[in-house]
Amino acid sequence: MSNKMWGGRFAEGPDAALEAINASIDFDRRFYAQDIRGSQAHVAMLADNGIVSKDDARAISEGLGKVLDEIEGGTFTFSRALEDIHLNIESRLAEIIGPAAGRLHTARSRNDQVATDFRLYVRDAVDALDEQLAGLQAALAEKALTHSATVMPGFTHLQSAQPVTFGHHLLAYVEMLGRDRGRFTDARNRMNENPLGAAALAGTGFPIDRFATAKALDFARPMANSLDAVSARDFVLEVLAAAAIASTHLSRLAEEIVIWTTPQFGFVKLSDKFTTGSSIMPQKRNPDAAELVRGKTGRVIGALVGLLTVIKGLPLAYSKDMQEDKEGTFDALDTLSVCLAAMTGMVRDMEPNSKVMRKAAGAGYATATDLADWLVRELKLPFREAHHVTGRIVARASEQGIALEKLRLEDLTAIEPKITDQVFSVLGVEKSVRSRTSYGGTAPPNVRKQARGWLKKLGKGVA
């Protein structure tokens, strides 16, 4: 038996293999709320423009409400034979209200219907992700404020470079996440156009009001080209690109947490809530949550690459290939959401070991740049000459196995006679971080100001 929703042209039903590959209800059932909302907006518009009667429109809208209740109440039966969420809902609507249900699909196609559902769904997902990203920013900024003066080594090439503060390091991720939120916001603004009413690809001859359905669904405007309306998936690509970048930022922080929690570093500790043990080594405390955030980034990036690959060869307008746009997107957005939840929990949970960080910050002659800057500032040496002199001083300290600030003044003047004992004012790690007062620098007052600024922007009251 052919599909009763579209099978008038067909004498036979589909092969089992076609039914298996064609059905999308197993995953696009997620669209139920968006599909019903779009249908109710559509039928109200049809009635307002005299395309269907007010009575039929009322029956359809009330019937859709009952379908929504059934789905949310867990009593709705989904059928793979009906292929997708649209036909499942319409079929059940017909059972509830009778033949009037058939008028719902006037002046629309599943092509513009699914495009509308998908935009509504992704728009909702972006709003939820933005809230989670803001929550992680707040957790980082609060931790940064608490540790605005906690000294740690700053790294380049994963080698000790210059002392920074833990708060300053965390605020770097607040900035990254702020840009992530900006990308999602930009994507949301561009996707906020309504495809409904484009029908299959060419529009419709019915006197519909696409501006009315756009307003009812909180879209800024209807899409201006019917071909583009049903075939465009760049709104998904853009959101997946933003998700991939955000996931990469989470992965970088996760990697640092993995490193910081090793006994070899010992910079931070995670509680039992975000670590696991070993089945054979009883002493182990593994940062599995961080490792999984790092690992799951590949899924999000993969979803972006997968959809780019699907779309790259498609002519206008709709092709069934586009059914492959959903599962990867659902997985990617779900994955980013759970990773944000895990990372927010870890940030709130982790406690830095300030003594270990302070000791590490002083290792590797991390204040050498401060010494070179002092030579330029106080002795008026050209920076390249100061760099060379500092290198010789570092070599002298290394020969003696001591920190720069432990060198005797005679050791320093033997290399550069004009050096005075004032040089010792810049050679401690705390002195180093206090001196970095340029805008965006690591000086504790800077960090406190930036952290408070972010918390105020995020709506978090701070003293």
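A simple charge model with +1 on the Cβ of Lys and Arg, -1 on the Cβ of Asp and Glu and nothing else charged puts the dipole of the chain at about 1800 debye relative to its Cα centre.
On full extension, the segment bounded by Thr276 and Thr437 gains 53.9 nm, given 0.36 nm per residue less the C-alpha separation. Aspartates and glutamates near Lys418 by alpha-carbon distance under 16 Å, same-chain residues fewer than 8 away left out - which ones? Of all the aspartates and glutamates, those that pass the test against Lys418 - Cα under 16 Å, at least 8 places apart if same chain - are Asp373, Glu378, Glu385, Glu410. Compared with the direct C-alpha span, the chain from Lys320 to Arg30 gains 102.5 nm at full extension, assuming 0.36 nm per residue.
For the peptides 194-202, 231-239, 120-128, 255-263, the ranking by packing is 194-202, 231-239, 120-128, 255-263, with the highest mean count of neighbouring Cβ atoms within 10 Å listed first.
Model label points for Gln159 and Thr248, set 7 angstrom from Cα along the Cα-to-Cβ axis, are 2.6 nm apart. Taking every alpha-carbon pair under 8 Å whose residues sit at least 6 apart, the chain reaches a relative contact order of 17 percent.
For Cα extents along the principal axes in Å, which listed value, (i) 100, 53, 39; (ii) 100, 53, 46; (iii) 112, 52, 43, comes from the coordinates shown? Correct label, based on the coordinates given: (ii).
Rank-order 172-180, 265-273, 150-158 by packing density, defined as the average count of other C-beta atoms within 10 Å over each peptide's residues, highest first. Please report the intermediate quantities before stating the final value.
Values: 172-180: 19.0, 265-273: 15.4, 150-158: 17.3.
Packing order, densest peptide first, comes out as 172-180, 150-158, 265-273.
Distant-in-sequence amide contacts of Met152, defined by a placed amide H-H separation under 5 Å and a gap of 5 or more residues or a different chain, comprise Val164, Thr165, Phe166. Ordering of 91-99, 448-456 by packing is 448-456, 91-99, highest average first (other Cβ atoms within 10 Å, averaged per residue).
Here's the picture: charge each Lys and Arg Cβ at +1 and each Asp and Glu Cβ at -1 in segment 365-427, and of Ala403, His388, Thr369 the one pushed furthest to the positive end of that dipole is His388.
Taking 0.36 nm per residue of separation and subtracting the current Cα-Cα distance, fully stretching the chain between Glu62 and Glu95 would add 10.6 nm. Site pair Arg190 and Leu409 shows an inter-label distance of 6.3 nm when each label is modelled 7 Å from Cα along Cα→Cβ.
Tally Lys/Arg at +1 and Asp/Glu at -1 over every other residue whose Cβ is under 13 Å from the Cβ of Lys380; what's the total? Write down the numbers at each step before the final one.
On the way: positive: Arg377, Lys418; negative: Asp373, Glu378, Glu385, Glu416.
That sum, taken over residues with Cβ under 13 Å, equals -2.
Across segment 285-304, the residues whose backbone nitrogen lies under 13 Å from the label position 7 Å along the beta-carbon direction of Thr262 are 287.
Using a Förster distance of 60 angstrom, determine the FRET efficiency expected from the C-beta separation of Arg392 and Glu70, and round it to 0.05.
0.15
Among Asp130, Asp55, Asp112, the sequence by solvent-accessible area, most first, with a 1.4 Å probe is Asp55, Asp130, Asp112.
Over segment 170-302, with every protein chain in place, what whole percent of the accessible area is carbon and sulfur at 1.4 Å, could you tell me? Walk me through the numbers before you get to the answer.
Details: 3400 of 6220 Å².
After summing per-atom areas, the C and S share lands at 55 percent.
Exceedance of the 18 Å cut-off in Cα-Cα distance is limited, within the set Lys143/Lys457; Lys143/Lys449; Lys284/Lys359, to Lys284/Lys359.
To the nearest 20 Debye, how big is the dipole of segment 365-427 about its Cα centre, given +1 on the beta carbon of each Lys and Arg and -1 on that of each Asp and Glu?
In debye, rounded to 20, segment 365-427 gives about 120.
Please work out the average accessible area per residue across the chain, using the 1.4 Å probe convention, and give it in Å². Before the final figure, lay out the partial values.
Details: 22050 Å² over 463 residues.
With all protein chains present, the chain gives 48 Å² per residue.
At q = 0.18 Å⁻¹, what is the base-10 log of I(q)/I(0) for segment 16-103 according to the Debye formula with one equal point scatterer per Cα and no solvent? Please give it to two decimals. Calculated log10 I(q)/I(0) at the listed q: -0.76.
The values are calculated or read from the model by the stated rules, or taken from the named source; none is laboratory data. Not measured: the values here are computed from a predicted model. Because the Cβ atoms are built from the backbone with ideal geometry, glycine has one as well, and the counts that use them run over all protein chains shown. To get the accessible areas, we keep the full protein, side chains included, count just its heavy atoms, and leave off ligands, DNA and RNA. Shrake-Rupley method; radii C 1.70, N 1.55, O 1.52, S 1.80 Å.
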